[in-house]
Structure formats: C-alpha cells, structure tokens
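Some notes on the structure that comes next.
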Number of protein chains: 2
Amino acid sequence: MASTYAVGIDFGTESGRAVLVDVANGNELASSVYTYENGVIDERLPAPDDDVRLEPDWALQDPEDYLRTFRVAVPSVLERSGVDPSNVIGIGIDFTACTMLPTTADGTPLSTLPEYRRRPHAWVKLWKHHAAQPEADRINAVAVERREAWLPRYGGKISSEWFFSKALQILDEDPDLYDAADRLIEAADWVVWQLTGVETRNNCTAGYKAIWSKRDGFPPDAYFAALDPRFERVVEDKMSRRISVVGERAGRLSEIAAGWTGLRAGTAVAVANVDAHVSVPAATVTQPGTMVAIMGTSICHMVLGDRAATVEGMCGVVEDGIIPGLFGFEAGQSGVGDIFAWFADHAVPPEYHEAAAAEGVDVHTILEREAAALRPGESGLLALDWWNGNRSVLVDVDLTGLLVGGTLATKAPEVYRSLIEATAFGTRAIIDAFDTNGVAVDEIVACGGLPERNRLLMQIYADVTGREFRVAATSQTPALGSAMFGAVAAGADEGGYDGIIEAASRMARLGGERYVPAPAHRAIYDELYQEYRTLHDYFGRGTNDVMKRLKSIRTRALSDAVPSGIADG
Amino acid sequence: MASTYAVGIDFGTESGRAVLVDVANGNELASSVYTYENGVIDERLPAPDDDVRLEPDWALQDPEDYLRTFRVAVPSVLERSGVDPSNVIGIGIDFTACTMLPTTADGTPLSTLPEYRRRPHAWVKLWKHHAAQPEADRINAVAVERREAWLPRYGGKISSEWFFSKALQILDEDPDLYDAADRLIEAADWVVWQLTGVETRNNCTAGYKAIWSKRDGFPPDAYFAALDPRFERVVEDKMSRRISVVGERAGRLSEIAAGWTGLRAGTAVAVANVDAHVSVPAATVTQPGTMVAIMGTSICHMVLGDRAATVEGMCGVVEDGIIPGLFGFEAGQSGVGDIFAWFADHAVPPEYHEAAAAEGVDVHTILEREAAALRPGESGLLALDWWNGNRSVLVDVDLTGLLVGGTLATKAPEVYRSLIEATAFGTRAIIDAFDTNGVAVDEIVACGGLPERNRLLMQIYADVTGREFRVAATSQTPALGSAMFGAVAAGADEGGYDGIIEAASRMARLGGERYVPAPAHRAIYDELYQEYRTLHDYFGRGTNDVMKRLKSIRTRALSDAVPSGIADG
C-alpha cells in the first residue's frame, strides 16, 4: 500500500497553520502559515466599516479569515510536499476556544450579511474577548444560588471567556441580533461545517467551554430561564443536544471545500478539537499518570484519569474530552511567559539590554544565563506568580503579583529566577491538587514555546515539582494532533488508524531532552515551596485580601478623580 | 562691636566640610570640602600596607584624614570669606557616630605607630563597620539575661555599630592591641582633643552610642565582666566617667591647631557633637512637638520631649543629648534614598534612562515626574520599605523588602511611587510610636539631601503622615549646627550666645516650602497605611518569619555549595 498522509490545521489567535504529515510515523513533510488579514479585531471593525469602534475588552475575528486559511495554507503544503492529494486520507482541525459566532440556519456568518455587518455582535467573538464579565458574574451567581450540580466540575466558577457568557452578552446588548442568529456555534465546529456541509458540535468545546457533560448534558432550561427568560431555550433554538466525540469522523470533504483546498472530495474530516487538548496525544500522552503542560505565555495543564474527581480550582473535567474512554482534566496558570516578558520589558536595567544587543541575542538569553549561575535559594527572593491573576487552584483574577526578600544587593537576574521559580511553585500547587484528589501525576511532558527556549526553566520545574520533565519532539503539537485525528477519521480501512491511542503510538514522539530533579535542589525547593504555600494561602484564601483591596482602591482612585498635584504654600 | 563669625566642621563618611558663618544671622560666607585621601578603608589597608586585606563588613578610616581636613578646609574658608581670624570666635565639630579609635594616653592613634599600623584593629572603626555583629549579639543577650535597666532606652536592642560592640571586637580579635590601647575614644572627641589638647567625652555619643545616661552613667562593671572578665574595667581603663554636655566649651584652640587652621589660638572650641543630632537646632527646632527628619540614604528622626518615655524600637533617648534641658529621642529608617537609588540602578528599563539622557537630567527626575502624575492608590501597589532592614520600630536587620500588587500593566514609575509611599508609611509608623507613648509630633522639619530634590516625596510624606512638612533653609545643617555650637562655646561675652536656643533663634531658618496634607490624599493613604500596618505586623512581628527564613536559606545555599548546573540526560 502506498504511503498515506493527513493534514492538520491549527487555527491560532493571529494565524492559521496547516501541516502535512506522514500517517506512518508523523513526520512533517510541509507546513504553511496564513496570517489572518483582519487579525484580532479589538479597536474598530474592518474596512469599510472601520468607523464602528469597539468597547474596551472586546476581541473579534473575521470568519472569512478561516476560509482563507483553507484556501491558502492547504494548497501550499500540498505543493511544498509534492504529495498527491489522492494519498491524503484525512483532515483534522483544532481551534482556540471558546471562539464562537452567530450564523443563519445554513451556516452563513451574520457578519457577512450587509444588514448585520456593522453590528459588532455579528462577528466572531475570539477566546480573549473579555467584555462578557457581567454575564459571567450572573451565570456564576445564579448557579451558586440554584446549587447547580455542574459547578464543581469547573472548579466552582466559569469564565467570561466561555460560551454562555458570550451568548448571553449578545442577548443582553443586541437582542435583535440574538433573535436573528439561527445558530450560535464554536468556530471550531463552524469550519468543520464549512468543509463537510455537516453541522457537528464537538464534545471538547462543549464540555470545557459550554457546561456540557456526557452524563448530564447541558444545564437545565430552568437554569437558563433564571438567567433571562429569553435565554431559556438557547440550547434548543441556537445549539444542539447532539454532541460528537473527538476521534469520530464529522463528515467528508465537500466538492466546494475540495476546490478551496486542492484535496480530494470525500476525504475524511475529523470532529473539531481545541488547540490545547489536541496537543495531549501529539505529546504522546494517551493514558493516566502523565501531565501535559503546554507552556507559553500561560500554561495549560492536562491530565487523563480513569474516573471523575473533583479537584480544587481546575478549569474543567470532561469525560472523553481529550481521549475517548478517559476523563480529561484541565487546569491552568494565567501568567507564565507573560510574566517573564513583563519583567524583561519593565524591570530590567540597561546593562542587560546592552549585553544582549552586543551579543545579538534577546535579553532573556542574558537573564537566563546569569540566573542559571545562581544556586537554588541564593537569591533570597520568593514571589507569588499572580501578575495575571490565578487560574488554578484559586480561580481568582483579582489576585496580583508579590515579591518578598528584596535587599539593596538584589539584581535583575535574581528576580528573574525567582519569577521562574514562582511559576514552578504554581505548577506544583496544581499537581498537588490533582494528586491529593486521586488524579496521579507521575511525570510531565512539556510542549509549547517555552520549553525549547529555556532550559533553566525546565530544570527548575523538574526540581520544584520533583517530577521528570520531557519535551514533545515537535514544536507544532496542535497541528500534529489535528493531523492524527484526521488519520483516525479516515480509519484503518482507508490507511489511517482506528483510534487516537494507536495513532499517537505511531505518529507522536518525545524529544531527547530529559530534565531530572536534582536531589540537592529538591530539598531547598521543598522548603521554599512551603513558604510559597503559606503566602499563597494567606493572600489567596481570604486571610488577608489586601490584593483585592488594592485593586478596589485603584479603581476608586481613578474614578474619583482625586487630583495628583502637589500642594504647597 | 565688629561682626563675629564661627566655623563649623562636619566630618562625613567620605569627606570633611568646613563652613564659616556669620554669628549674627547664620549666613554662610564660605564652605570648603576636603575629600579624605584614604576614604572608607574596606578592602585593604592603605599603602604601604596594602597587602593587609580586611574581612567582609569591615569599614575603617585613617585619623590623619581628619587632621588634613583641619589643615585644608579651614584655611580655605578663611581665605574664601576674607574674614579676619581674630573675628572668628568659636569652632564646633560634628561627626558620624559611632566612629571610634584606640590611642595611646596622649591621644596618638595606634594606627600611626609603626608597631601597630599593619593591624586592622589599630585603625578608626567607621560607623558602618558591621563586623562586630557577634559582639552586639552577645551584648544584647547578656543584657536581656541580666535584665539591664538601660535596655528599654534603646528600643530593647543595641547595634553592631555602637561603641561597646566595636570595643569588644578589638578585645575578642586582637587582645594585645586592646591592651596597648590606653584610650578608646569617639573620633568626634578625638578631633576636639587634637584641637584643644583636652580630652573630653561628649554626652551625645556617650548617650546614643555608648549606653551612658546622665542619671545612671554607664552600665555596671559587673555587666561588662559578664561579657568578658577582661572587659570589666573598660570604662575605668580606656574611657572616662566624666562626660561633657553638648553646648559646653571643651577648651580653646591650641597653638599647634591654630597653626593647622589659620585660626587664632585661644578660639573657643565646643564639645563635640553628632552630625544628625547637631542638625536639630540648625533646623530651628529647640522645643518639643516638632520632629526633625534628616532625609538622605536613610532617615534619622529626632524629637525633643520634656520627660523620659519608652517608645518601641527607638534608637535611643538621651537627656540633654540634643538640647540641654530636654530629652532627645532618636529613631530611624535604615533605607530610604538608598532604596530609590537601588531601584533606579537595578529595576528601571532603558526607556527611562534614555529619556533622562535626552533631557540631560538624572533618571530620578523622569521617574518622579511620571510618578507625580499618578493619583494616590492608582498604582495598585504596596511595598514594605525594608530593603535595608528595619531600624525603627521593629529593630530588625533581617527584614527585607516586599512589593505586592504587581500586574502585567505595572510600570516603573508606579513601583517608584510605591517605594516612596512605603518609606512614608515607615515614617508614619515611627510617628505613631512616639505619639502613642506621649511624645508629641505635631509637625516636621526636613533636612538632608532628599527634600530639596524631590518635591513629590515631600508631598507624599505630608499626605501619609497628616503632618505639615517644612524644610530647613540650609543644605548644610550639620555644619551650620556645629558653627552654632561654636558660637555658644564662645558665649555672649565673646560675641556669641549663651545657649543653643538663642543661637538657633538667630542663626537657623526654614525655607519657604510648605507641604500641607491634601485631605483627599489623606483618606486614601489612611486606607493604604492600614494595609501597610497589617503586612508590617504579619511579616515583622513573628506571625510569618519568611523573610528571615529566606535569608537563612540563602546563607545555607551559598555555604553548602549546592551546584547550580542544569542536569539532563
């Protein structure tokens, strides 16, 4: 039998990436990126409607950019690889989430219709659209009041980023448009619909972002009615109770989509997936016991378990949500690489920037080198890694960063190292939460942008968590994962695989790096971690809510218009 | 009667400054600085003995530098002013303290004798010589054990910088040299001895640095014996129980010293003083109710009271120690300008340095300007000002700096402002300690380097403390104060004054600046101060000793030689 291939398409925040891989071994033959023409829409709508300005915290996208990704990036990987489209057996896609849009019954985005295109709520709401906080607050308050059974699955709180927060914001702010939307759908499912002509709803976004579970379905209509009587039938009217499981085939490539992509009509198309979650099998993990840490500006932690468990502050647990047959647990740290970037931009004196310029490297390289020369504990510093709030285990966006131990001898690389250590302590706190609730974390596979660039960080994470860290072989785990699901959608009969576990065993690999905890480091980090936990609980669990009071004083100071001037006589 | 003049000489850490002032009104006619040839000796002894290296934390000086100050700076002010030496009626000096040295019976410094000059303990121990911490620990432990009555006068703890810590270190480490020293004496008193040929001991250094009080004298011999049997008679053998009061005349200028200085032999010479304490009358303050804050790298707080009081964590209270007839209270903050300098050097990104260079100003100017545009509370940040420990009210060198409230939007000027605010909260904590113990602080006069340069800082201090701040007219308060005491040493009969209160009323002035608390700012700062106090007590009073544990982990990390390398397989 001839070699077979699969295409994975990863829809990110700024661009879409297609890869073409060999189904036999996961080798990447070609990769192509399409940068969205309209990118992240956060100030004004695209021309010719660019007189329409957006409120703060909005973040939209143009669904046409997703179709352009199909039209540009897929033909490009075919051309670059020289692979015959008839040997491409499957297509998988993954997406940021929750990224959702309103459409007509046939899937036409309202933003493409002249009568709606000037209305901001007609456009795709990107994952980082944060303007639905009032709706999220209502969703949480009503859930607590009604003691909704699903709340513990989400660590006791759902986010303004999630599906019903965004849907409810449309209803609140543009009820006519809400009425005009026949469908409200994840962009992930919408692009699969465009490829196949079939509307499906994947269980990964439904489970992690739309409060759905295999056993209980969506929250009851009475709950939605309690949010707003007009919202009672949101699931019936705008969504679907038929949920497809990742690993299934959503449909086959339509003639139209074959024309866009250059692929063969009839090619198997997988049920849509989420970028983070699809990375788990692409990082070789298909069984309980190994955590996948997707490390970049933030960290997403994924673990598989063979039974449900309630873990404090996790983002969600979804049965079959990552690997069919297993419970997929998700937790997260809301600031990691972002904190290091903030520090490099805002708190590093000129000498380090000059050294970086002289060597032609970036300032992180200099800071990492100097920080690596320090011993654990040598800085005398300890930080709480909450510059962007705490996602797990405290689930509190109003927590802030803290640094203790400063002296007149404190140097920038010492602070840099203490910030890395703080994020490692944050990961350990999450591992501890899983561990104490029966979800084993024996070792960790890292992927994402940070592990390749920062060996010191990886060693500190190993030392702090006491777990061995390995790194996924590919730097494109989401796209590889999508291609793997494409091969599974095709199935063994068509030259693919009958399940994601088999696909992972053939197509996914780890790199050679192995970060092993150093016993001498562990002992000191155990002590420092105890100090971290004490501060974590003191500032994070209500003993001293100074962080929240400082935020509220700040808000008041800005709104009261207290003059800043200097009075003198 | 012709105009009369007085010379004040201020012996600082790096240099000595002479000023010549008009006795009638305090106007400064000339000023001259002599930079010590051997400066601060903290790595090796001066040539030709520069093969002798010093241990860490040592800080010595060369007594010849003090004599060179007389020979260079005093003739210079005479020449520059054109004043006839016969019209100079008095000389006063002030000194850093405790700065002390061993001499022979005739006052010859042991460091000038060939047989001792290669022995570090023969040299002057500068105030910031910090190598006598083990001796200070012993002094405190034995005092607590014996329930020494003097301990509360010093906030419950004496410092490694003080006289008996340094004296005991000589005995501990170089007992032969200790035996060879006929006298152990403050450099302040030693220079007066050189000017007059008369050995006096001033009550200001005796009281604030050598555990002496007017009512109880020195600690009992039995206490010194408990420290070390050989130390029992340190006061009898090496010092004196005859203590002179500031404001008295120590003696008259000798022929030899007249030759050095160009002044008339027989000119009245005042009893020596301490730089901080002599600043109080020079800042116009001679009565209870007004605090003098000497604001520079650190802050020294002085208040007068008409009766003794025990104030938590004060540095000392000495009857007649500042103004005869009153109790002089001293407290302090060990890091203020030093913290801002640390921040500017180690935590400010290039853009601010570039802006400063473009405008030809220093980076503090840029930071202050941007910080001044912020409203109180707007930064969302709060700091504990302990980068150099806490002198008052916690008296704990092992406390460290803390910053809380950091977000990904935090900018350098916000941190800068929060550090200024933190030092202001530290001053308010000291004022509160005085206030609650019956020592009134109704308003504050600032002097030193910071008030002139930083108007934002002064306004924040007024807003935070709720007290009006004014600023001494001269930037050379210590030298002016010394000249005032020189005029008092001469007395009215010789064209001076009969008391320091009268001298202050004629010779000292305030500048025109007046920093008045702004009510809207006070309200927010009251809230922030409550947050500061909560953290102050949590981290400073033993609830969470994380700062000390981080220091001890650091010490261990450095000594255990834990490798810093990255392990991988």
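The values are calculated or read from the model by the stated rules, or taken from the named source; none is laboratory data. A quick note: this is a predicted structure, and the numbers were derived from the prediction, not measured. Positions of Cβ are backbone-derived with ideal geometry, glycine not excepted, and every protein chain shown enters the neighbour counts. To get the accessible areas, we keep the full protein, side chains included, count just its heavy atoms, and leave off ligands, DNA and RNA. Shrake-Rupley method; radii C 1.70, N 1.55, O 1.52, S 1.80 Å.
A few remarks follow.
- Per the conditions (1) over 24 Å from B:Leu326 (Cα atoms); (2) touching a residue at least 12 places away in the same chain (Cβ under 8 Å), the sole criterion not satisfied by B:Tyr497 is (1).
- In segment A:545-554, of all residues being over 29 Å from the mean Cα position of the chain (by Cα) and either open to solvent by 50 Å² or more (accessible area, probe 1.4 Å) or more than 7 Å from every other protein chain (Cβ to nearest Cβ) (or both), the one that is farthest from B:Thr543 (Cα to Cα) corresponds to A:Arg554.
- Test: A:Thr205 is open to solvent by less than 30 Å² (accessible area, probe 1.4 Å) and in a helix (DSSP H, G or I): yes
- Residues that are within 14 Å of B:Glu421 (Cβ to Cβ) and more than 8 Å from chain A (Cβ to nearest Cβ) within segment B:353-374 comprise B:Leu367, B:Glu368, B:Ala371, listed in sequence order.
- Any hit, segment B:301-318, residues being in a loop (DSSP other than H, G, I, E, B), of a type outside the set (A, V, I, L, M, F, W, C), more than 14 Å from chain A (Cβ to nearest Cβ) and within 18 Å of the chain's Cα centre (by Cα): yes
- Among residues of segment B:500-519 that are closer than 18 Å to B:Leu456 by Cβ, none has a beta-carbon under 6 Å from a residue that is among the hydroxyl-bearing types (Ser, Thr, Tyr) and surrounded by 15 or more Cβ atoms within 10 Å (Cβ to Cβ) at least six positions away or on a different chain.
- Boolean, A:Ser564 is within 7 Å of chain B (Cβ to nearest Cβ), under 30 Å from B:Pro413 (Cα atoms) and modelled with pLDDT under 95: yes
- Test: residue in segment A:479-498 that is within 30 Å of A:Gly247 (Cβ to Cβ), open to solvent by less than 20 Å² (accessible area, probe 1.4 Å) and either assigned to a strand (DSSP E or B) or within 14 Å of another protein chain (Cβ to nearest Cβ) (or both): no
- Filter pass, A:Val198 being modelled with pLDDT of 95 or more and buried (at least 20 other Cβ atoms within 10 Å of the Cβ): no
- Listed by first and then second residue, the pairs with beta-carbon distance under 8 Å, at least 6 apart or on different chains, first residue in segment B:530-544 and more than 7 Å from chain A (Cβ to nearest Cβ) and of a type in the set (Gly, Ala, Ser), second open to solvent by 20 Å² or more (accessible area, probe 1.4 Å) and assigned to a loop (DSSP other than H, G, I, E, B), are B:Gly540/B:Leu394.
- Criterion applied to A:Arg153, A:Arg146 was being farther than 22 Å from A:Ile41 by Cα, within 26 Å of the chain's Cα centre (by Cα) and of a type in the set (Lys, Arg), and the one residue passing it is A:Arg153.
- Residue pairs whose Cβ atoms lie under 8 Å apart, sitting 6 or more positions apart in sequence or on different chains, and linking a residue in segment A:375-396 that is more than 7 Å from every other protein chain (Cβ to nearest Cβ) to a partner that is small (Gly, Ala, Ser) and open to solvent by 20 Å² or more (accessible area, probe 1.4 Å), are A:Arg391/A:Ser298; A:Ser392/A:Gly155; A:Val393/A:Gly155; A:Val395/A:Gly155; A:Val395/A:Gly156.
- The set of residues in segment A:303-322 that are open to solvent by less than 10 Å² (accessible area, probe 1.4 Å), out of contact with any strand residue (DSSP E or B) (no Cβ under 6 Å at 6 or more places or on another chain) and not hydrophobic (A, V, I, L, M, F, W, C) contains only A:Gly313.
- Number of residues in segment B:132-153 that are under 30 Å from B:Gly107 (Cα atoms) and either among the aliphatic types (A, V, I, L, M) or buried (at least 21 other Cβ atoms within 10 Å of the Cβ) (or both): the value is 4.
- Meets criteria (touching a residue at least 60 places away in the same chain (Cβ under 8 Å) and either within 13 Å of chain A (Cβ to nearest Cβ) or in contact with a strand residue (DSSP E or B) (Cβ under 7 Å, 6 or more places away or on another chain) (or both)) for B:Thr407: no
- From the list B:Pro281, B:Pro220, the lone residue that is of a type outside the set (S, T, N, Q), open to solvent by 50 Å² or more (accessible area, probe 1.4 Å) and at pLDDT 95 or above is B:Pro220.
- Flag for B:Thr104 being surrounded by fewer than 20 Cβ atoms within 10 Å (Cβ to Cβ), among the hydroxyl-bearing types (Ser, Thr, Tyr) and free of Cβ contacts under 8 Å to residues at least 60 places away in the same chain: no
- Failed item in (1) part of a loop (DSSP other than H, G, I, E, B); (2) open to solvent by 10 Å² or more (accessible area, probe 1.4 Å); (3) not basic (Lys, Arg), with B:His129 passing the rest: (2)
- Remark: pairs (first residue in segment B:328-340, within 13 Å of chain A (Cβ to nearest Cβ) and closer than 13 Å to A:Thr407 by Cα; second residue crowded, with 24+ Cβ neighbours inside 10 Å and acidic (Asp, Glu); Cβ separation under 9 Å; 6+ apart in sequence or on different chains) = B:Gly335/B:Asp385; B:Val336/B:Asp385; B:Ile339/B:Asp385.
- Residues in segment B:353-368 that are of a type in the set (D, E, K, R) and under 29 Å from the mean Cα position of the chain (by Cα): B:Asp362, B:Glu368.
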